[in-house]
Amino acid sequence: MKTSHIVAATVGTVAVAAVGYALYFDSKRRSDPEFRRKLKKERKRAQKQQKEEEQKIAAKTTATVEEVLASIKDEDFPTSMEAREKFCMEQLSAGEALFTRGPEGYEMAAVCFFKALKVYPAPAELVMVYQKTIPPEVFTLVMSMLSMDVQKKQEKYFTVFPPKEMNVKIGELPEGVTADGQKVVRRGLIATKDFAAGETIYSETPIISGLEPSLEGGEFCHYCMKQIVGEETKVPCSTCTKVVFCSETCEKSAATEFHTVLCTHDTEDASRPERALFDYSKDSNRKYPEMLAKFLAKMVHEETLNTGEEYNLFDHIERLRYLEIRPSEAEEKEIALLKAALGAKIPGIEEFINEERYLTLKGKLLYNAYGLSTSLDAERNVEASPENNRSVHDGPLVGAGFYRVTSYMSHSCEPNTKVAFAEHDNKLSIVAARDVKVGDELHVGFIKNGTLTTEERRQALFQDYRFKCMCPMCETTD
Ligand SMILES: [Zn+2]
Ligand SMILES: [Zn+2]
Ligand SMILES: [Zn+2]
């Protein structure tokens with residue numbers, strides 16, 4: 001196949017990709033389990049075809065691939081859309097020129113094709129083009145590079161996250177063995193310093209938070225969840241009366257991150273998608289669907305900022321545990337509402353919000369979200385939504401927040417830390433409940449302990465979080 005053919009086969013997709021967000025969604029797919037599965041499948045196929053050939057070169061391939069990946073730096077890749085497109089085309093042409101020289105050009109050709117794939121807006125499609133157009137030996141090499149690259153990025157995550165100044169790391173902890181003797185590990189948060197009882201270990205702001213629907217538009221800030229004291233300090237949304245803010249800063253942040261996309265503009269037309277989503281939250285008394293809409297809008301916003309951060313919002317939540325939920329009518333409706341509310345403003349998102357992804361995201365909120373206790377009035381009566389959240393607070397809950405680091409915290413009925421909202425907003429602090437030594441695993445309580453018996457606690461935890469609590473308190477007081 002001539003260079004012009006490969007280029008021609010890809011031009012159509014490049015043109016589509018010029019619509020900004022497409023690039024973003026594909027980079028999501030690249031780190032998506034679904035895409036990795038496909039990748040694996042493709043690689044398997046290629047491996048089967050090339051088994052004999054590959055065995056001969058297997059050892060050499062791994063060494064080559066490692067060498068190649070080590071030599072490629074992030075700085076090698078252009079950042080602007082136009083420059084990336086040009087770079088991609090150059091690599092494709094160079095790759096093809098190299099492999100037409102025969103086997104001695106294969107390795108270098110594979111490097112070019114791999115580089116093109118790294119910047120190409122729709123890598124999955126390009127892989128399919130490769131499969132049809134480049135020699136199988138080269139294809140296998142490219143796939144090995146891609147798969148090792150994805151794996152490396154995965155492994156590197158926990159070496160750079162959480163940031164050192166948070167005084168915790170994410171560790172793999174033993175959790176018994178399976179029936180056939182396989183070790184089971186789970187992730188948990190480990191202290192990297194000693195702390196005395198009462199000291200704050202770290203604080204973090206949420207990825208996203210949401211008010212209980214009944215409080216929306218009243219006394220609480222739609223952005224930071226703070227109680228607004230005094231009518232005069234209340235900042236209304238500039239385009240609706242459905243939400244309020246505690247400050248201009250919160251109003252601006254909300255507008256740029258998600259509210260411009262989700263604002264109802266006080267429309268009278270109940271069929272307008274933003275209004276339909278708002279009404280659904282109020283009528284069903286559920287805040288998670290709207291929180292997910294905010295999350296998706298924020299994720300897109302973050303990407304358009306092009307901050308150069310290696311891991312984006314989606315990367316942060318990808319590794320988190322989630323509750324498996326079976327799709328019901330409610331979820332079907334929620335998916336349709338989100339697609340409609342976001343679809344018109346964010347091209348490509350409708351395909352992104354498929355059933356599997358929505359259920360996983362919702363499952364992550366259900367498993368990881370913390371109840372927010374920011375009300376200054378301890379006696380406040382709030383109509384609680386039926387959605388799970390981790391909370392042991394005595395005060396009323398005004399909403400829930402979804403946190404990058406604290407989501408890794410495990411439960412204990414006698415935890416060594418507690419959750420605090422020191423500034424009465426959605427910034428969550430983890431405070432040592434007793435002395436904590438470096439290397440200790442940190443725990444919080446997911447449920448209120450109170451006067452529950454072991455059996456009752458285990459039942460409550462199993463119902464909401466589907467695990468049997470094996471904490472020291474449960475194990476010793478049967
Ligand atoms: Zn605020
Ligand atoms: Zn508004
Ligand atoms: Zn327990």
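The values are calculated or read from the model by the stated rules, or taken from the named source; none is laboratory data. Keep in mind it's a predicted model, so treat the numbers as computed, not measured. In this analysis, Cβ positions are derived from the backbone assuming ideal geometry, glycine residues included, and neighbour counts consider all displayed protein chains.
Tell me the residue from Ala124, Ala179 that is aliphatic (A, V, I, L, M) and within 26 Å of the chain's Cα centre (by Cα), please. From the options Ala124, Ala179, the qualifying one is Ala124.
Here is the figure for segment 227-276: residues that are in contact with a Lys or Arg (Cβ under 6 Å, 6 or more places away or on another chain), among the aliphatic types (A, V, I, L, M) and either assigned to a loop (DSSP other than H, G, I, E, B) or not assigned by TED's automatic domain parsing to the domain that holds Glu216 (or both) total 1.
Checked against the criterion of being away from ligand 2 (no atom under 16 Å from the Cβ) and either out of contact with any strand residue (DSSP E or B) (no Cβ under 8 Å at 6 or more places or on another chain) or outside the structural domain of Ala330 (by TED's automatic domain parsing) (or both), the candidates Glu387, Glu455 yield just one match: Glu455. If you filter segment 364-414 down to residues that are of a type in the set (Val, Ile, Thr) and part of a loop (DSSP other than H, G, I, E, B), you find that the one that is nearest to Gly445 (Cα to Cα) is Val392.
Using the structure shown, decide if Glu219 is more than 13 Å from ligand 2 (Cβ to nearest atom) and farther than 18 Å from Phe402 by Cα. Answer is yes for this residue.
Please pick out the residue among Ser284, Ser253 that is out of contact with any Phe, Trp or Tyr (no Cβ under 6 Å at 6 or more places or on another chain) and of a type in the set (Ser, Thr, Tyr).
Criteria check complete, one pass: Ser284.
Filter segment 448-460 for residues that are at pLDDT 90 or above and in contact with a helix residue (DSSP H, G or I) (Cβ under 9 Å, 6 or more places away or on another chain); which is farthest from ligand 3 (Cβ to nearest atom)? Break it down stepwise before answering.
Start the filter on segment 448-460 by keeping residues that are at pLDDT 90 or above, which leaves 452-460.
Of the ones still in play, those that are also in contact with a helix residue (DSSP H, G or I) (Cβ under 9 Å, 6 or more places away or on another chain) are 452, 454, 457-458.
On the way: Leu452: 10, Thr454: 7, Arg457: 6, Arg458: 7 Å.
Per the criteria, the residue is Leu452.
Output the qualifying pairs, or none if there are none: Cβ atoms under 7 angstrom, residues six or more apart or on different chains, first residue in segment 246-263 and modelled with pLDDT of 95 or more, second residue near ligand 2 (Cβ under 10 Å from one of its atoms) and of a type in the set (Asp, Glu). Note: pairs meeting the criteria are Leu262/Glu274; Cys263/Glu274. Under the condition of being in contact with a Gly (Cβ under 9 Å, 6 or more places away or on another chain), without any contact (Cβ under 8 Å) to a residue 60 or more places away in the chain and closer than 18 Å to Phe295 by Cα, the residues counted in segment 322-358 number 3.
With Leu397, Leu461 as the choices, which residue is within 18 Å of Tyr288 (Cβ to Cβ), aliphatic (A, V, I, L, M) and surrounded by 14 or more Cβ atoms within 10 Å (Cβ to Cβ)?
Values: Leu461 fails: within 18 Å of Tyr288 (Cβ to Cβ).
Just one listed residue meets the conditions, Leu397.
Of the helices (runs of 4 or more DSSP H) lying entirely inside segment 277-344, those containing at least 2 residues that are modelled with pLDDT of 95 or more span 288-305, 329-343. Within segment 398-418, the residues that satisfy the criterion of being in contact with a helix residue (DSSP H, G or I) (Cβ under 8 Å, 6 or more places away or on another chain) and either outside the structural domain of Lys169 (by TED's automatic domain parsing) or aromatic (Phe, Trp, Tyr) (or both) are Phe402, Tyr403. Sub-9 Å Cβ pairs linking a first residue in segment 184-209 that is free of Cβ contacts under 8 Å to residues at least 40 places away in the same chain to a second residue that is assigned to a loop (DSSP other than H, G, I, E, B), at least 6 apart or interchain, are Val184/Thr178, ordered by first then second residue. Among the residues of segment 173-217, those identified as among the polar types (S, T, N, Q) and exposed (fewer than 13 other Cβ atoms within 10 Å of the Cβ) are Thr178, Gln182.
Testing Thr205 on (1) within 16 Å of ligand 3 (Cβ to nearest atom); (2) under 30 Å from Asp283 (Cα atoms), one condition comes back false. Which one is that? For Thr205, the exception is condition (1).
Does segment 127-181 hold any residues that are within 30 Å of Ala432 (Cα to Cα) and among the aliphatic types (A, V, I, L, M), and which are they?
Narrowing segment 127-181 to residues within 30 Å of Ala432 (Cα to Cα): 155-176.
The answer is Val160, Met166, Val168, Ile170, Leu173.
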